[in-house]
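Reviewing the structure listed below.
Rule-based calculations on the coordinates, nothing more; no lab input. The shown structure was predicted, so the numbers you read here are calculated from the model rather than taken from an experiment. Backbone-built Cβ (ideal geometry, glycine too); neighbour counts: all protein chains shown.
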Amino acid sequence: VAAANATMVWLLIRRERPDVGAGDWVFRAWSEHTFSTAGLATPSSHTMVAFAAATMAARLFPRLRWVLYALAWGCAATRVLSHAHFLSDATFGAVLGWAVGWGIWIEWGSAKQKMVTDGSRAKVPAQ
């Protein structure tokens, strides 16, 4: 879900990777490769997926939340340090990933966790 959202945002924002403009922000014109995400950077999908996963896992394993979020931030840092993304790409990806993870948790995770923690059968909405 997080990666699909990142792809949609890439196509809307259309900001290129840092190496395209020698560190300057460069936006791809709508007339150029309209539906291609190759070379687009905002938001960082690696960071977005890492934060979505960390948010879900932190809800399931609260004692590990600091470790999980530290690993997600480590993913974001490597994307910036390798010059694959601007800091704003990684930060935007982290915020969107957290929102996706939290949204999924609210929709599906809380009922399933109740079933696991107290042994009762929680009603999970039919798909």
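For Arg17, nonlocal amide neighbours, meaning residues 5 or more places apart or on other chains whose placed amide H falls under 5 Å from its own, are Ala41. What the phi angles of segment 61-69 give under the Karplus curve with 6.51, -1.76 and 1.60, with θ = phi - 60°, is a coupling list of 10, x, 5, 9, 4, 5, 5, 4, 5 Hz, glycine and proline written as x.
If R0 is 35 Å, what FRET efficiency do you get for Arg65 and Glu32 from their C-beta distance, rounded to 0.05? E(calc), rounded to 0.05, equals 0.25. Applying 0.36 nm per residue to the separation of Trp108 and Ala84 and subtracting their alpha-carbon distance, the gain on full extension is 5.3 nm.
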